[in-house]
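Remarks on the structure that follows.
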Amino acid sequence: MVDDSIAQACDLVIFGAKGDLARRKLIPSLYQLEKAGHIHPDTRIIGVGRAEWDKAAYTEVVETALKTFMKDAVDAEVWQRLSQRLDFCNLDVNEAEGFIRLGKMLDQENRITINYFAMPPSTFGAVCRGLGEAGLSKFPSRVVMEKPLRYRSEVLSGNQRSGCAVF
């Protein structure tokens, strides 16, 4: 049962979905949130990356990650609920077409969009620019950057910083 006071429907977009951070940390964490009932029933999880995957292929990758990186066995009922949320968008951060494709998958009228950057900081500016140019950076869109930027401020200098200004 989901407590609506702690969960709101959103589209969680995971940039770098095929990477180590997403597979080892983020996916197992989402599984635990699903298990605890802390994910709104209408929330969707959209993996983004350069892989030529579809929903079925991404779902298989997520299931393999859970079986590999979870300490406990994966509960079939929890996995069924989580897997129904999954989708995938093939996207190269330097090409506008991918962001347009992503925009067609999102429900910006009814859900908050959370863009989770599980990728190298050197790509953050390009992703922010792509989201902005495709009209995907408007309120209530959010960004989560999973890197210690205060120690690597040089990564977000100049061109990178201007890209992130769209948020």
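Here, each number is a calculation from the coordinates, and none is a lab measurement. All values derive from a computational prediction rather than experimental measurement. All Cβ positions, even for glycine, are placed from backbone atoms using ideal geometry, and neighbour counts span all protein chains on display.
Quick notes
- The residues packed around TRP53, meaning those with a beta-carbon under 15 Å from its beta-carbon, carry a net charge of -1 if Lys and Arg are +1 and Asp and Glu are -1.
- Ordering of 66-75, 23-32 by packing [mean C-beta count within 10 Å, highest first]: 23-32, 66-75
- Zone of MET70's modelled label, taken as backbone nitrogen in the range 25-60 under 16 Å from a point 7 Å along Cα→Cβ: 25-39, 59-60
- GluC sites (Glu not before Pro) within the range 52-143, DSSP loop, no more than 13 other Cβ atoms inside 10 Å: GLU52, GLU95, GLU109
- Multiplying the residue separation of ALA51 and VAL144 by 0.36 nm and subtracting their alpha-carbon distance yields 31.3 nm.
- Derived scalar couplings between HN and Hα for the range 14-24 equal 9, 7, x, 4, 8, x, 4, 4, 5, 6, 7 Hz in order, rounded to whole Hz, by the Karplus curve 6.51 cos²θ - 1.76 cosθ + 1.60 (θ = phi - 60°), x for Gly and Pro.
- Theoretical gain in end-to-end length, ARG24 to ASP42 [0.36 nm per residue, Cα-Cα removed]: 4.0 nm
- Placing a pseudo-label 7 Å from each Cα along the Cα-to-Cβ vector at MET105 and GLU63 gives an inter-label distance of 1.9 nm.
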